[in-house]
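S.K.: Below are the structure tokens for one structure; questions will follow.
The values are calculated or read from the model by the stated rules, or taken from the named source; none is laboratory data. Since the structure is predicted, the reported quantities are computational estimates derived from the model, not experimental observations. FYI the Cβ positions are ideal-geometry reconstructions off the backbone, even for glycines, and counts take in every protein chain you see.
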Amino acid sequence: MNQSFDIEKITVETFSPAVARRIIEIAYNEYPEQLDRLQQRHILQWVIGENHELVVVKPITANEKENNSPIIGFIHLSLHEGKMWFSMAIERKYQRRGIGTALLNYAKQKTNELHGWIIPDDSLKKPDGTPYYSPKKFYLKNGFELTDNFMPLRGKRIVVQEIVWRKPSP
Ligand SMILES: CC(C)(COP(=O)(O)OP(=O)(O)OC[C@H]1O[C@@H](n2cnc3c(N)ncnc32)[C@H](O)[C@@H]1OP(=O)(O)O)[C@@H](O)C(=O)NCCC(=O)NCCS
């Protein structure tokens, strides 16, 4: 199917509880069940915090515009101690259409280095019982390196691994 997408930055003016609910829903559906639901107040900080940026993707077709919840993916960027971190997720039915890559390309234009955490384990499940596939290959394909930095998430049976992308020297 041929469909175009809009990438839109969410600001204080364009933020609403519906936007927060949609981000929470996408993250909840697409991350492993062991991760907590993102809290609405947490997302509000993404929008009002100076060092944060929330970017969402919306389909452009007329049909999708009639939908109340047109956001189908997001990337959150945050600057912490000089490092740019990101997290992202795309709704299942829109995965593997280049949207994740487009969001990473947006982030790559803003920085020389991008850091993130991935779940390297392929044996986890999403809340609906379907398998969670580690996005390791997706990030390798997008120029990221896997680091030796592993971190167990407190109180959970999950270990995350830091990944990094560095802008190639000209
Ligand atoms: C990982 C994710 C952000 C990728 O976004 P996307 O829009 O599906 O990715 P793209 O279409 O740009 O690229 C897909 C390519 O990456 C590769 N890939 C490898 N592992 C993948 C995976 N787990 N999911 C999607 N693509 C994967 C494939 O080569 C795929 O190309 P193909 O379909 O031709 O084989 C998205 O699948 C997602 O939200 N997954 C669930 C939540 C998650 O893991 N988020 C990342 C947390 S760090």
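S.K.: Among the helices (runs of 4 or more DSSP H) confined wholly to region 24-120, which include 1 or more residues that are free of Cβ contacts under 8 Å to residues at least 60 places away in the same chain, within 13 Å of the ligand (Cβ to nearest atom) and crowded, with 18+ Cβ neighbours inside 10 Å? Talk me through it step by step, then tell me what you get.
M.R.: Working: elements: 40-48, 62-66, 99-108.
In region 24-120, the matching helices (runs of 4 or more DSSP H) lie at 99-108.
S.K.: Any chance you could count how many residues in region 146-170 are under 21 Å from residue 102 (Cβ atoms) and not aliphatic (A, V, I, L, M)? Can you show your working first?
M.R.: Start the filter on region 146-170 by keeping residues that are under 21 Å from residue 102 (Cβ atoms), which leaves 163-168.
Now restrict to residues that are not aliphatic (A, V, I, L, M): 165-168.
Total meeting the criteria: 4.
S.K.: I'd like the full set of residues that are among the polar types (S, T, N, Q) and in contact (Cβ under 8 Å) with a residue 12 or more places away in the chain, limited to region 1-23.
M.R.: Within region 1-23, 3, 4, 11 qualify.
S.K.: If I ask for residues that are part of a loop (DSSP other than H, G, I, E, B) and either more than 13 Å from the ligand (Cβ to nearest atom) or at pLDDT below 95 (or both), which ones from region 134-170 would you list?
M.R.: First, the residues of region 134-170 that are part of a loop (DSSP other than H, G, I, E, B): 134-135, 142-144, 153-158, 167-170.
Residues satisfying the conditions are 153, 154, 155, 156, 157, 158, 167, 168, 169, 170.
S.K.: Give the residues of region 121-170 that are exposed (fewer than 12 other Cβ atoms within 10 Å of the Cβ) and of a type in the set (Asp, Glu), sorted by residue number.
M.R.: Those that are exposed (fewer than 12 other Cβ atoms within 10 Å of the Cβ) and of a type in the set (Asp, Glu): 122, 128, 145, 148.
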